[in-house]
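These notes concern the structure reproduced below.
The values are calculated or read from the model by the stated rules, or taken from the named source; none is laboratory data. For clarity, every value in this text was computed on a predicted model and none was experimentally measured. Every residue, glycine as well, gets a Cβ built from its backbone with ideal geometry; the counts of neighbours run over all protein chains shown.
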Amino acid sequence: MKKIDEAIWRPFTQHLTVHPALKVKRGKGVMLELEDGRELIDAISSWMVNLHGHSHPKIAEAIYQQALKLEHVIFAGFSHDPAEELVEKLKPLLPKHLKKYFFSDNGSTSVEVALKMAYQYFWNKGEERKLFVALEGGYHGDTLGATAVSQHFSKPFSNLLFKVLRAPFPETFWGDQEVEKNEAEAIDAFRNIFAERGEEIAAVIIEPLMQGVSGMKQCRPQFLEAIEKIAHQYGSLVIFDEVLTGFGRTGTFLALEQTKCRPDFVCLSKGITGGFLPLALTVTTDAVFDSFLSKEVFKAFLHGHSYTANPLGCAAALASIELLEHKPYEAVGKKMKEEASTLLDHPLVEKARGLGTIFAFDLKSDENVYGSTVGQRFTELVEKEGVLIRPFGNKVYLMPPYCISNKEIHRLFQALQHGLASLLNQVG
Ligand SMILES: Cc1ncc(COP(=O)(O)O)c(C=O)c1O
């Protein structure tokens, strides 16, 4: 077998201790075919981006046809059909008060754009609001602004980052008896932050209903509604980062549909192209947009990326959204919930939770027995069952593409069952 190229520096990888990367030859539907001949079900949609299965012919064809017409063009001063058609397609699917669409390339940049727009919105009006509020455990990406509001992977950069106030996130799960108490405490803490510094806060950023990288930690809609109300009372803007939750993941097109919230920004990426090409959108209100209108050029939003609104990405997104029209995520979510019930009483399963096509649980982990490697060991056991997962520490999640069949969903849960049984054997 050909050796994996050692010149490649991989993302989120400690190269001193990592296992060699698995080489993928091709992907079809939910399956990944490895160079060593094995096949794995992609139960995490390849970092939560793939919606309709790998190498979907409709999206592949849309990209090919677009590439024959126009692969890319500068988007400042120029426009093209795929971008305009994509915005038209999204308008009826997004809340009506969100009227302006700004393109970028990935989840981090969609957040970066929202943070910069929120800050400049006040600056343009002659107000200085230097602070942002983020929720404990949140993750919003790797660019420096997104790192500042995130609570993961930020340690080496702490001296470089702008100030962010953290509010508690009232994590909940199925059968949680404490949820109301935890929520009330979190809302009080949020209110106190705003009572002290509300006039200085430009925006609050939130992963609605499900914090992804924190390990699919869930909260209830009523919590989001309460904190949004407080932020708006102080004139602060509200950013919903739907990079992970968007495009059906939580059972509705956007997670915000399950709330009464009216955020000032929504950030979209990951599933936007069905997992084919990098693309992102930051969608905002006329009020935000209008604050940038001025005869002074520096009041414009002087921000953009070379590949802004790449026509191939837009064509992929259009095809992907068409495939979402019959809401394939609804049936997947229903079957996953049904299968999940078989795991709930397992002695190693804690805090089972889920929404739509996302199911997660914590592996009961006694640091002394398992060490911090429990997630990695479980991954290897499940991989032997032909399923690819990638837990966050001891937090295991499933988030498969929507083309998955009921039989394949059953196989996923059987693989988890077998993995749990082997893990239980290991610890005696
Ligand atoms: C909620 C959320 N926001 C932003 C990002 C960053 O997206 P990207 O990795 O495309 O930059 C992620 C990535 O996992 C995410 O989960």
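Grab the strands (runs of 3 or more DSSP E) fully contained in the range 162-253, keeping just those with 3 or more residues being within 16 Å of the ligand (Cβ to nearest atom) and closer than 26 Å to PHE12 by Cβ.
Result: 237-241.
Based on what the data block shows, is GLU39 out of contact with any Ser or Thr (no Cβ under 9 Å at 6 or more places or on another chain) and among the charged types (D, E, K, R)?
yes
Test CYS267 against the stated conditions and say whether it is within 24 Å of GLY356 (Cα to Cα) and part of a strand (DSSP E or B).
Against the criterion (within 24 Å of GLY356 (Cα to Cα) and part of a strand (DSSP E or B)), CYS267 qualifies.
Out of GLY375, GLY333, GLY313, GLY354, I need the residue that is under 30 Å from VAL204 (Cα atoms), in a helix (DSSP H, G or I), in contact with a strand residue (DSSP E or B) (Cβ under 9 Å, 6 or more places away or on another chain) and not assigned by TED's automatic domain parsing to the domain that holds ASP241. Which one?
GLY333
Just to verify a result, which residue in the range 121-130, among those that are of a type outside the set (A, V, I, L, M, F, W, C) and modelled with pLDDT of 95 or more, is farthest from the ligand (Cβ to nearest atom)?
Residue satisfying both the conditions and the ranking: GLY126.
Is it the case, given these coordinates, that PRO92 is loosely packed, with under 14 Cβ neighbours inside 10 Å and under 30 Å from GLU322 (Cα atoms)?
So PRO92 fits the description; yes.
Report, by residue number, each residue of the range 303-327 that is surrounded by fewer than 22 Cβ atoms within 10 Å (Cβ to Cβ) and either within 22 Å of HIS140 (Cβ to Cβ) or in contact with a Ser or Thr (Cβ under 8 Å, 6 or more places away or on another chain) (or both).
Passing the criteria: HIS303, GLY304, HIS305, TYR307, THR308.
Within the range 110-120, is there a residue that is within 16 Å of the ligand (Cβ to nearest atom) and either surrounded by fewer than 15 Cβ atoms within 10 Å (Cβ to Cβ) or of a type in the set (Val, Ile, Thr) (or both)?
yes
Go through the residues of the range 84-92 one by one and say whether even a single one is in contact with a Phe, Trp or Tyr (Cβ under 8 Å, 6 or more places away or on another chain) and under 30 Å from VAL283 (Cα atoms).
Checked the range 84-92: at least one residue is in contact with a Phe, Trp or Tyr (Cβ under 8 Å, 6 or more places away or on another chain) and under 30 Å from VAL283 (Cα atoms).
On the basis of being within 16 Å of the ligand (Cβ to nearest atom) and under 30 Å from GLU325 (Cα atoms), does GLY141 make the cut?
Yes.
Tell me whether the range 64-83 contains one or more residues that are within 24 Å of GLY141 (Cβ to Cβ), part of a helix (DSSP H, G or I), more than 16 Å from the ligand (Cβ to nearest atom) and in contact with a strand residue (DSSP E or B) (Cβ under 6 Å, 6 or more places away or on another chain).
Among the residues of the range 64-83, not one is within 24 Å of GLY141 (Cβ to Cβ), part of a helix (DSSP H, G or I), more than 16 Å from the ligand (Cβ to nearest atom) and in contact with a strand residue (DSSP E or B) (Cβ under 6 Å, 6 or more places away or on another chain), which makes the answer no.
Please go through the range 221-279 and pick out each residue that is farther than 27 Å from GLU200 by Cα and either free of Cβ contacts under 8 Å to residues at least 24 places away in the same chain or not assigned by TED's automatic domain parsing to the domain that holds GLN120 (or both).
Of everything in the range 221-279, just one residue is farther than 27 Å from GLU200 by Cα and either free of Cβ contacts under 8 Å to residues at least 24 places away in the same chain or not assigned by TED's automatic domain parsing to the domain that holds GLN120 (or both), namely GLU257.
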